[in-house]
Every structure is written in structure tokens, then in C-alpha cells.
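What follows is a single structure, written as C-alpha cells, with notes after it.
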Amino acid sequence: MKKKLVLGLVLLVLLVSCNPFTTNIFSGIDKMKMPDPTNVNDLLSVSSEPQFYENLASDSAEKEIVIQTLNTVANDTSADPEVRQEAALMLADVYLKTTTGTDETLSNLNSVVGDAIEGNLDSYDLNNPETLLRMLFGEPPGGVYSATYKAALVLQLNAFLGAADSLQSYGELLEAGYPVPPDTNSGDTATKALMAGIVRTIVYYENSANSIDSLAEYLATPKDSAAALSYTGLPAFSNPSEVLVDPVTSSTGLNSVIEASGLVIDDLLSNS
């Protein structure tokens with residue numbers, strides 16, 4: 001009887017120390033096997049797997065290899081056009097889904113677009129980019145300057161710049177007559193293209209040696225105390241679509257990405 005009691009207590013201790021309600025006893029089973037980062041087909045097979053991006057976010061070395069692989073294929077004119085498109089789309093996701101804060105910024109942009117559709121968009125000035133920046137990134141947490149938040153903004157801005165290049169490549173393939181790949185969420189892709197294009201243009205024309213740092217500093221500082229930004233050669237934009245044109249190559253690829261979603265950006269965000 002004593003042996004049974006002791007055995008029962010031992011089992012009870014073991015169960016308490018490994019509470020089935022707080023411990024995932026299958027944790028070794030549900031870990032995702034990461035694809036070969038140098039094989040584009042392997043990568044594309046997991047392009048819709050959230051766990052892939054979560055894992056990649058914590059492995060900067062592997063992330064860089066994935067970026068190089070996808071970028072090479074997206075720009076390889078000898079590759080299958082649909083594979084190039086899918087590589088470009090996934091590359092944008094790698095930049096954005098592995099960077100903290102981009103989802104919230106894109107959500108803010110969706111709210112702006114939603115207000116535009118409802119006719120409730122507040123007035124803004126295409127030639128005063130700060131108004132767009134504040135609408136999309138908002139004020140710093142707690143309304144106070146934070147070097148940590150600034151560092152996170154630098155990562156965000158760089159991610160949107162990377163996405164601009166990859167989505168532009170995708171848009172140029174659309175312009176060449178290739179159809180939207182199956183299962184592509186064109187609305188989601190359009191949102192990313194719009195945000196990426198806005199960031200790219202502001203970074204390009206901002207008048208400082210390190211535009212990304214200056215923009216991050218501005219956004220990390222509360223509006224009432226932030227120093228005004230200055231620009232060199234900023235065109236007098238008359239339509240939102242002009243903001244998305246590549247300032248270096250004049251490519252309209254990002255506009256084509258948005259048009260593929262059925263949106264006419266100049267009608268939607270006209271500020272008359």
C-alpha cells in the first residue's frame with residue numbers, strides 16, 4: 001500500500017512539473033522545417049506560411065540568403081515569368097513580414113484608403129510629405145521621443161524601400177502583359193505598393209546625407225517639437241500616382257500593381 005502511495009505521489013509531482021495545460025508536449029512535432037534558402041522552389045512552397053516569416057525574423061543570416069535568392073530570380077529575364085512574379089511578391093513579404101511595426105503602418109494606410117472610399121479623408125498636401133508621414137506612422141508611443149523607437153523606424157523604412165524595388169519588378173511584369181499569378185491577394189499587394197512608393201519618394205527627395213535617419217528622427221519626435229524636414233528637387237505633384245513613379249528610372253511599376261487590384265489611385269485619393 002505504501003509503495004502504491006509513493007508511486008502515486010511521484011506521478012503527481014511529474015504531472016505538476018509538466019502541466020499539460022501549460023506545456024506543449026508536442027512542441028518538437030509542430031516546429032516547421034525551414035526550406036533551403038538557396039532554392040526558389042522550396043521558398044515559394046512556404047510563401048503563405050506565417051511560421052516561415054516568424055522563424056526568418058530571428059535569423060538575419062538566413063534572411064539575407066533568402067533575399068538574395070528571391071531577388072536574383074525576380075530579376076532573371078531568362079526565368080519563367082510567373083516564377084519571377086511570385087519571387088518578387090514573396091521578397092516584398094520577406095522584407096515586411098519580418099520587420100516589426102510594418103503591419104501596423106499598413107493598417108493605418110488601409111484606414112486612410114477606407115476614409116477615402118467613404119469620402120471622409122482629411123485634407124492633405126502631396127507636396128508636404130510630413131502630413132502623409134504623420135498620418136501613416138502616427139506619433140511616437142507615449143508622445144515622447146525614444147531612441148529605441150527611432151531604431152525600429154529605421155528598420156521599417158528600409159523594409160518598405162526593399163519592398164518598393166521588388167513590387168516594382170512585379171508591376172513591370174504586369175505591364176509586359178503577364179497575368180496576376182493565381183492566389184495573389186491583389187488588394188493586400190496594392191496596399192504594400194502604395195506605402196512602399198510613398199516612403200521611397202520621401203526618402204529620395206529628403207535633403208540630408210542620411211535621409212532614412214532623418215525621417216526616423218522626425219517620426220520618433222512628437223509633432224510639436226520635431227524639426228521640419230527639407231527637400232531637394234521635390235516635384236510639384238498634382239496626382240497621387242505621380243508620387244509612386246520611380247524617381248530614378250521613371251518606372252510606373254508600382255502604379256500597375258495598384259491598378260491590378262481594381263483601384264484607380266488618382267480617383268481614390270484625389271485631394272480636390
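The values are calculated or read from the model by the stated rules, or taken from the named source; none is laboratory data. Values in this document were obtained by computation on a predicted structure and should not be read as measured data. Cβ atoms come from the backbone with ideal geometry, glycine included; neighbour counts cover every protein chain shown.
Looking at 251, 256, just one residue is in contact (Cβ under 8 Å) with a residue 60 or more places away in the chain and in a loop (DSSP other than H, G, I, E, B), and that residue is 251.
In the range 158-173, the condition of being crowded, with 16+ Cβ neighbours inside 10 Å, of a type in the set (Asp, Glu), at pLDDT below 95 and farther than 13 Å from residue 256 by Cβ is met by no residue. In the range 28-81, counting only helices (runs of 4 or more DSSP H) that sit wholly within it, the ones holding 1 or more residues that are under 20 Å from residue 172 (Cβ atoms) and of a type in the set (S, T, N, Q) span 60-74. Can you spot a residue in the range 145-157 that is touching a residue at least 40 places away in the same chain (Cβ under 8 Å), of a type outside the set (Val, Ile, Thr), over 26 Å from residue 247 (Cα atoms) and touching a Ser or Thr at 6+ places or on another chain (Cβ under 8 Å)? Yes: one or more hits. Residues in the range 174-210 that are polar (S, T, N, Q) and under 29 Å from residue 259 (Cα atoms): 184, 185, 186, 189, 191, 201. If you check 78, 47, 123 for being exposed (fewer than 12 other Cβ atoms within 10 Å of the Cβ) and either among the aromatic types (Phe, Trp, Tyr) or at pLDDT 95 or above (or both), only one passes: 78. Which of the residues belonging to the range 141-176 are over 19 Å from the mean Cα position of the chain (by Cα) and not hydroxyl-bearing (Ser, Thr, Tyr)? Those that are over 19 Å from the mean Cα position of the chain (by Cα) and not hydroxyl-bearing (Ser, Thr, Tyr): 141, 142, 143, 144, 147, 172, 173, 174, 175, 176.
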